[in-house]
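Values in this text are rule-based calculations from the coordinates and carry no lab data. Quantities reported herein were computed from a predicted structural model and do not represent experimental measurements. So basically every Cβ, Gly included, is an ideal-geometry build from the backbone, and we count neighbours across all protein chains shown.
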Amino acid sequence: MTISKRFYNTIQVLSIMNSKLSKQEIQNKIKEIFSNNPSPKQIKKAKALASSKNIKLTNYKKKFCKKCLTFFHSKNHETRIKKPLKIIRCKSCNCISRYKL
């Protein structure tokens, strides 16, 4: 079996597995992932699960970097507040995110 056939078969298996999960089960998995300190791979998986069932990550979007997907804690980001904006700078990739207050 060639690599492309194996890759295609694994994609089919993963798509079947994801389609069997209900929206509520996927929401519970996403909560479980973000309950502890997730790695970038886990955050990527949570984003993929959310997009498979059109679930919005509104509560979790500001908790990780958009570029490198590192979970923010007190040592790896810098937060500044200027009047209408909250500015978060990731210290690992220097990506800047701006949010309205």
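Quick one: CYS90, CYS65, fewest Cβ neighbours within 10 Å first, how do they rank? Intermediate results must be reported in sequence, preceding the final value.
Values: CYS90 20, CYS65 23.
Listing CYS90, CYS65 from fewest to most nearby Cβ atoms yields CYS90, CYS65.
Amide H to amide H under 5 Å from PHE72: which residues, 5+ apart in sequence or cross-chain, H placed 1.01 Å off N in plane?
PHE64, CYS65
Can you list, bin by bin at 5 Å, the percent of alpha carbon pairs in the stretch 19-101, starting at 0?
3, 14, 24, 21, 17, 12, 6, 3, 0, 0
How much length is gained if the chain between ILE96 and LYS31 is pulled fully straight, taking 0.36 nm per residue apart and subtracting their Cα-Cα distance, in nm to one decimal?
Working: separation 65, 0.36 × 65 = 23.40 nm, distance 2.53 nm.
Roughly 20.9 nm would be gained on extension.
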